[in-house]
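The values are calculated or read from the model by the stated rules, or taken from the named source; none is laboratory data. Bear in mind that the values here come from a model prediction, so they are computed numbers and not experimental data. Methodologically, a virtual Cβ is constructed for each residue, glycine included, from the backbone with ideal geometry; neighbour enumeration extends over all protein chains shown. Accessible surface is based on the protein model in full, side chains and every heavy atom, while ligands, DNA and RNA are left aside. Shrake-Rupley method; radii C 1.70, N 1.55, O 1.52, S 1.80 Å.
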Amino acid sequence: MTDPVTAWRRLAGDTVLLDGFHALKHAVRFGAEVPVAVTADRAATLALADELAPDVRDALAGLLREVPHETYASFVPRPHPTAVAALAVRPSRESNLERLAHTPRTAPVVVLDNPRNLGNAGAVIRLAAGFGATGVVTTGTVDPWHPTVVRGGAGLHFATAVERLEVSGLPPGPLFALDPEGDDIRGIKLPDDAVLAFGSERTGLSPVLRARADHLLSLPMRPQVSSYNLATSVAMTLYHWSCGVA
């Protein structure tokens with residue numbers, strides 16, 4: 001069996017960092033290829049699996065290698081309380097683009113237009129996976145597979161299609177963009193093939209995406225409240241879609 005330290009050093013530059021037990025659990029649950037996984041306390045990690053993820057406990061037992069805590073800590077930017085880390089093979093861009101472009105769709109695609117906060121992007125991916133969205137697309141410079149985004153998404157990148165695209169390359173489907181000047185979302189039924197776009201935390205929708213939108217929608221909000229958190233806005237919109245009502 002390959003030494004985990006050697007394997008980690010060989011693979012780290014070309015794989016996705018799974019930071020923490022929950023990220024590894026979700027990645028394995030949704031079919032990720034995980035060539036190396038380490039923990040500073042194998043017995044404690046498997047006990048956690050018995051409690052929280054018995055469906056993947058045996059798979060984790062076959063993957064996890066125990067290493068000294070100092071070795072584990074050297075693999076990650078910031079040690080996780082569960083002292084678990086792994087490397088996974090990123091799904092091919094081609095397969096993700098195929099999933100995003102496939103029609104008819106049974107669930108929307110979420111678009112984050114030039115997001116700036118990595119943690120927010122991760123939280124949105126986690127939400128999208130929970131609602132069964134087809135995928136999450138980002139525009140702009142943020143890498144949606146950045147380790148901080150994957151940590152915020154708890155490894156649920158592997159449960160949906162996550163890619164970065166230009167606005168001109170967004171998946172097909174009616175584009176609904178969230179904007180304070182839009183129509184109240186409560187009067188609109190969102191179709192399953194919707195593309196749901198959310199602007200940057202600081203600047204809102206970019207002019208190019210706003211101009212391309214088929215519909216502008218707004219979320220109900222008390223006067224004098226400035227805005228919702230990005231992940232909250234996505235959650236409210238996906239919940240409205242899931243209810244299937246106008």
Requested in this report: If a/c stays under 1.5 just call it rounded; otherwise compare a/b with b/c (prolate if a/b is bigger, oblate if not). Do that for region 1-96, with a ≥ b ≥ c from the square roots of the Cα gyration tensor eigenvalues.
Outcome: oblate
Query - Per residue value of the accessible surface for region 54-165 (all protein chains in place, 1.4 Å probe), Å² - result: 42
**Report entry** Nonlocal amide H pairs with Val111, under 5 Å, H built at 1.01 Å
**Finding:** Val137, Leu196, Ala197, Phe198
Report summary line: In a Gaussian network model of the chain with springs linking alpha carbons closer than 10 Å, the residue among Val195, Val137, Val167 that fluctuates most is Val167
Report task. Could you give the size of the charge dipole of region 47-193 about its Cα centre, using +1 on the Cβ of each K and R and -1 on the Cβ of each D and E, expressed in debye and rounded to the nearest 20? Result -> 240
Query raised in the report: For the chain, which whole percent of the accessible surface, found with a 1.4 angstrom probe, sits on carbon and sulfur atoms?
Result: 51
**Report entry** DSSP-defined beta bridges in the chain - what % are antiparallel, rounded to 5
**Finding:** 30
Report task. Grab the Cα-Cα distance for Glu94 and Met221, subtract it from 0.36 nm times how many residues apart they are, and report the gain in nm with one decimal. Result -> 41.8 nm
Query raised in the report: For region 148-198, which GluC sites (Glu not before Pro) are both in a DSSP coil and crowded by at most 13 other Cβ atoms within 10 Å?
Result: Glu166
**Report entry** Net lengthening on full extension, His146/Ala44 (0.36 nm per residue, minus Cα-Cα)
**Finding:** 33.9 nm
Report task. Report the relative contact order of region 124-194, percent, no decimals, based on alpha-carbon pairs under 8 angstrom and at least 6 residues apart. Result -> 32
Query raised in the report: Expressed as a rounded percentage, what relative contact order does the chain have, with Cα pairs under 8 Å and six or more residues apart?
Result: 20
Report task. Could you work out which residue, out of Asn120, Asn229, Asn96, moves most in a Gaussian network model of the chain, that is, has the largest mean-square fluctuation with Cα springs under 10 Å? Result -> Asn229
Report summary line: With no solvent term and unit scatterers on the alpha-carbon positions of region 13-56, Debye gives log₁₀ I(q)/I(0) at q = 0.20, 0.30, 0.31 Å⁻¹ of -0.65, -1.27, -1.32
Query raised in the report: Mean separation of Cα pairs under 8 Å and 6+ residues apart, divided by the residue count of region 177-246: what relative contact order is that in percent?
Result: 50
Report summary line: Loop-resident trypsin sites (Lys or Arg not before Pro) in region 134-224 with no more than 13 other Cβ atoms inside 10 Å, DSSP not H/G/I/E/B, are Lys189, Arg202
Report summary line: At the level of C-alpha centres, the distance separating region 70-125 and region 179-217, in angstrom, is 23
Query raised in the report: Suppose every K and R has +1 on its Cβ and every D and E has -1 on its Cβ; what is the size of the dipole of the chain about the Cα centre, in Debye to the nearest 20?
Result: 200
Query - region 84-170, dipole about Cα centre (Lys/Arg Cβ +1, Asp/Glu Cβ -1), debye to the nearest 20 - result: 200
